[in-house]
Amino acid sequence: MLIALDYGQTYNRAPALFDKFIALAVADGHEVICVTMRDQPPIMPCEVIHTCGEKKLQYMTRLGRAVDIWIDDWPATII
């Protein structure tokens, strides 16, 4: 599965928790990426994709990457 994790108010609220989640998911064969609307990518223990304000689903679709699971505190930024 491709799992997209938001940064602001999601990852940065509990980085130790999400670092463990990322490590477990990757060890189980999944891919975890950070998809953020920020202009500058944050530092994270996974690939970071910054959409520079574009809706996340639209941006990922243009990249040809289908996200299976979104973890985001503000779902409106996805669609």
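Quick check: is even one residue across the stretch 18-38 at pLDDT below 95, open to solvent by 50 Å² or more (accessible area, probe 1.4 Å) and within 20 Å of T61 (Cβ to Cβ)?
yes
Please specify each residue of the stretch 38-79 satisfying the condition of being among the aliphatic types (A, V, I, L, M) and in contact with an Asp or Glu (Cβ under 7 Å, 6 or more places away or on another chain).
I71, I78
For Y59, are the conditions met, namely being among the aromatic types (F, W, Y), in a loop (DSSP other than H, G, I, E, B) and either surrounded by 11 or more Cβ atoms within 10 Å (Cβ to Cβ) or touching a residue at least 60 places away in the same chain (Cβ under 8 Å) (or both)?
No.
Since V67 meets every condition but one in (1) touching a helix residue (DSSP H, G or I) at 6+ places or on another chain (Cβ under 7 Å); (2) loosely packed, with under 14 Cβ neighbours inside 10 Å; (3) at pLDDT 95 or above, which condition does it not meet?
V67 satisfies every listed condition except (2).
The values are calculated or read from the model by the stated rules, or taken from the named source; none is laboratory data. What you see is a predicted model, and the numbers here were worked out from it, not measured in a lab. Quick reminder, even Gly has a Cβ in these numbers, built from the backbone with ideal geometry, and neighbours come from all protein chains shown. Surface accessibility is based on the protein's heavy atoms, side chains included, excluding ligands, DNA and RNA. Shrake-Rupley method; radii C 1.70, N 1.55, O 1.52, S 1.80 Å.
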